Each structure stands twice: as structure tokens, then as C-alpha cells.
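The values are calculated or read from the model by the stated rules, or taken from the named source; none is laboratory data. Nothing here was measured: the structure is a model prediction, and the numbers come from that model. With ideal geometry, Cβ positions are generated from the backbone for all residues, glycine too; neighbour counts draw on all protein chains shown. When the accessible area is computed, the model is the full protein with side chains, heavy atoms only, and any ligands, DNA or RNA have been set aside. Shrake-Rupley method; radii C 1.70, N 1.55, O 1.52, S 1.80 Å.
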Amino acid sequence: MNKKNNLQIIIFGASGDLAQLKLFPAVAELFGQYQLPPSFQLIGYGRTAIAETEFRKIFQESVRRSAAKISPARLKELTADVHYFQGSYDNPNDFRSLESFCSQINHGKSSDRMVYLSVPPTVFGDIAVNSAKTLRKTSKSFRIILEKPFGTNEKSAAQLLKKLSGHYPEEEVFLLDHFLGKRPIQSILKMRLENNVINLMIRGQEIDRIEILAAETTAVGKRIGYYDQVGVIKDMVQSHLLQMLALITMDIPASLNLESLRREKQNILSAVRFSGRVQDLITGQYAGYTRLQGVARGSKTPTFAAVKLTIDRRDWFGVPVIVKTGKLLEKAVTRATVVFKKMPFQEKNAPANRLVFEMKPGESLSLKLVQRATLKDRRCKSCYEEVELSQGLGCRIDFCLGDYATLLNDVQHGDKTYFLSYPEIIAAWKIADKIEKTIRQKKVPLQIYQTNTNGPDFPTKLH
């Protein structure tokens, strides 16, 4: 997209929580840091009737409540170019009216356009088709952004992607997982691309296991209607955690272009296996979940899962990957830990060396090495201490874009490095579908766990 052209960002579902909590502040960040063209409009589209003046107030309030860094003067300037249009998602006439409205607010001139679908996946298809027939045709350049989940299983994802490919060339489609906009997540790939010493360590023959953890202290919240239909496997494992797995274990290609990076990520995801055995899977639900408003009576939706995966490749043979995630747990922690094999002569009680990518609570890369402790008490012959080499991965300048702002900026510049490809989405759904099938067919017990704990009592059996 050319910064000399007018840019219009159109957010479908503009009256929803995602738009107000994440997207409005992201747009404000970009505008506040002069990352958007001088000629710019934001158009919110929704089914709810909202007066434009009221919508502008909602926009300003959402930005002020957020951590978005934008001066009052820049926010006032931006708000003057914020608009709202009411319409349905399945009515072509509403989209033709929207197209006329977008043209009108730019004085009849054509614009570059970015369309963001901040809506349930059930209406992705309608919006994509109607936008292709109207907004796309009159744009100088066009980008459509869809945020996960992409379908509810492999079959529905394939249907959605087929519909998208029938109306858009792939370079116009940006499939977004906001997890990939976070600096520590992006640092996994960046560190591996530039530091071969890390790649020399991350080799299957040197590794005992990989542990990927995403523990949340928060409940389901306002997403309860959606969450109760999908559960933790589809919400977290299929997307965020498999992406972390792929970034850590994928081969680094010789040619660092988008096609090569995507190919390697798809290759590793296609090789990930779930055994289908009950002993390789633990599910749980936090106490009180079924009493929440919006939860189906007697719901068996898991809010916790621990899964043992393997990678069906020679270089990763026999290395388990333990993926664990849950809600209302004791601590908010997101990290990936590479646990190295101990040498044959090391004592059994000696801790293992570890390489840790931490995203929460800190943002760091740590190499945790073990040495025998130096103690005056010679009776302690098996005491060990840890030597930690750590480097922060957080922002080191006065201002860094947040995850959504980072990804929106990438869309504007056509950079798809941290967006998903069609094949890797299908590969991830194959894994999630097998886990879900095992839960249904083999009646995996759903363990009720108390809130503010580590979840079910026996997740360590997966090791």
C-alpha cells in the first residue's frame, strides 16, 4: 500500500468487545506514531444501530482506557475521521451502500482498503464474499484480515479457505493469530534466524523433552457463549500453542523468504502426532464453570488440557512435547522450555539444563545451567546450584507497538511473516481434531479442579 494514497480501515463487528478492547487502541497507536497515511479514515460496521457521534465517543473511551500511547491532540485529529455504518453481514445491498459511503467520505476518490473481520467465524464467508463483490472492486489495493478461529474443525476450515481462495488472491488474505504479534513470540524466530548457536542446541538428539505452558489466572469472561462451544483445545492448543511448537522445532531454511519459512513451518506441523491414547491426554474444568450464565447445563467443555505430542521426523524421534494450558490457574505463565538430556555419568537427582523462552510474566530468553554446589558442608555430595544466563526480550525503546498494532502495520506493508498460511491451518486442525475425537470416543475423564491451583492433580504423568 502506498502512503500517498488514502487508506480506509473497515472493521466489521465494530460494536463488539474485540474491536473496542484491541483494534481501536491498535489503530490509535499507529496513528499516534505516524504509521498511517496522512489521509485516513476508520469505518466501523455493525448490525447495532449507533449514531456516529456516539460511536466516536465509544472509540475515544476505548483508546483512553487502553495503554495506547497517543497524544490528546492526535486522538482528537483521528476521531474526526472515525465513522460508523450500520448494516447486516449477508445483505449485498448493505455492502453496496457501504461502498458508496466509503467513496463519499473520501470525496469520491478511490482508496486503499484494509477490511478486518472482528466477528464470529459463522459470518466470515458472507462478509468475505460481499466485500469481494463491492469494496475490493473499487479499491486501489485491498487486504482482508481474518482472526482465528478459522472454522471449528478441519472440514469447516477447508470450506472457509476454499471460499476465500475463490474470491481473493492469497497475497490479499491475512490470517491472523494475535499471539504471533507478541514480541517474545516473534523473538523465537528472530533469535533462531540470527544465532546458529541456538539452533545447535535445539536438536532432537540433545533434547529430553519440550514443555509448552500457557497458564491463565483469568476466567472465560464475556467469551463464554463462544468458549463453551469450543473449549481449550480449539481455543488455545490448535492455534497459539502449536504455533509456538512450530517456531521452536521447525528447520531454518537456507533462503529466508516467506515461502521457505512457511514451508518449514507447515512441514513440522504436518509431522506433529497425537497418539490417540487416553494416557497421553488430561482434561479438566474449573470448579463452578457449569454455574456460569451462558454455559450449557452439564457442560463437559474443558478449561484445562495437558497433551503429550510427538514429531514424526527422524531428527525429533522419541522427543515428547508436553503442551499444557488452562484457565483460573494459580499463576499467569506463558513459556516454552527445552529440557536437555543429561549426560550418562550425571547423577539421577541432578537437574537438567534448560533453554527457556518466556513470554509471561517476564519477556526473556534464558539458558539455565547446572553445576555442583560449592559448600563447606562436605556431607552434601549431591547438591546443585543453577547458573542462569538471561536476556530480556521486551521493548528497549521509548515506544513499541502492541501485538495488534504490530500485525496491522505488517498488513499495511504486505508483510506476512507472522501470519498463517492455508496449509498450516489445516495441519493444525488435523492434530486438534484427533485430540477432540479421543476425548469423545474414549470418554477421557474430565477432572474438576479448584481455582487458583495448578489444575488437575496429576499432569506430571505425561512426562
Selection count where residues are within 20 Å of Phe40 (Cβ to Cβ), surrounded by fewer than 17 Cβ atoms within 10 Å (Cβ to Cβ) and either within 23 Å of the chain's Cα centre (by Cα) or not charged (D, E, K, R) (or both), scope region 119-140: 1
Could you check how many residues of region 63-76 are without any contact (Cβ under 8 Å) to a residue 60 or more places away in the chain and surrounded by fewer than 19 Cβ atoms within 10 Å (Cβ to Cβ)? 9
Please specify each residue of region 224-239 satisfying the condition of being open to solvent by 10 Å² or more (accessible area, probe 1.4 Å) and touching a helix residue (DSSP H, G or I) at 6+ places or on another chain (Cβ under 8 Å). Lys234, Gln238
Picking from Arg378, Arg396, the residue that is within 22 Å of Ile188 (Cβ to Cβ), assigned to a loop (DSSP other than H, G, I, E, B) and modelled with pLDDT under 70 would be Arg396
Please find, among Leu446, Leu408, Leu420, Leu462, the residue that is open to solvent by 40 Å² or more (accessible area, probe 1.4 Å) and in contact (Cβ under 8 Å) with a residue 12 or more places away in the chain. Leu446
Does at least one position in region 188-206 carry a residue that is open to solvent by 40 Å² or more (accessible area, probe 1.4 Å) and either under 21 Å from Gln285 (Cβ atoms) or among the β-branched types (Val, Ile, Thr) (or both)? yes
Only one of (1) in a loop (DSSP other than H, G, I, E, B); (2) open to solvent by 10 Å² or more (accessible area, probe 1.4 Å) does not apply to Arg273, and that is (1)
Residue pairs, Cβ under 7 Å, 6 or more apart or interchain, first in region 224-237 and closer than 14 Å to Tyr286 by Cβ, second among the acidic types (Asp, Glu) and part of a helix (DSSP H, G or I). List them. Tyr227/Asp235
For region 423-432, which residues satisfy the criterion of being open to solvent by 40 Å² or more (accessible area, probe 1.4 Å) and either not basic (Lys, Arg) or not in a helix (DSSP H, G or I) (or both)? Pro423
Please verify whether region 92-103 includes one or more residues that are touching a Gly at 6+ places or on another chain (Cβ under 9 Å), open to solvent by less than 60 Å² (accessible area, probe 1.4 Å) and at pLDDT below 95. no
Consider only pairs whose beta carbons are under 8 Å apart and that are at least six residues apart or on different chains; among these, list those whose first residue lies in region 157-180 and is closer than 20 Å to Lys234 by Cα and open to solvent by 10 Å² or more (accessible area, probe 1.4 Å) and whose second residue is of a type in the set (Asp, Glu) and modelled with pLDDT under 95. His178/Glu147; His178/Asp403; Phe179/Asp403
Look at region 100-134 and say how many of its residues are closer than 22 Å to Ala80 by Cβ and not hydrophobic (A, V, I, L, M, F, W, C). 12
Is region 276-292 home to any residue that is more than 25 Å from Ala428 (Cβ to Cβ), free of Cβ contacts under 8 Å to residues at least 12 places away in the same chain and of a type in the set (Val, Ile, Thr)? yes
Can you go through Leu21, Leu42 and tell me which one is open to solvent by 20 Å² or more (accessible area, probe 1.4 Å) and either hydroxyl-bearing (Ser, Thr, Tyr) or under 20 Å from Thr406 (Cβ atoms) (or both)? Leu21
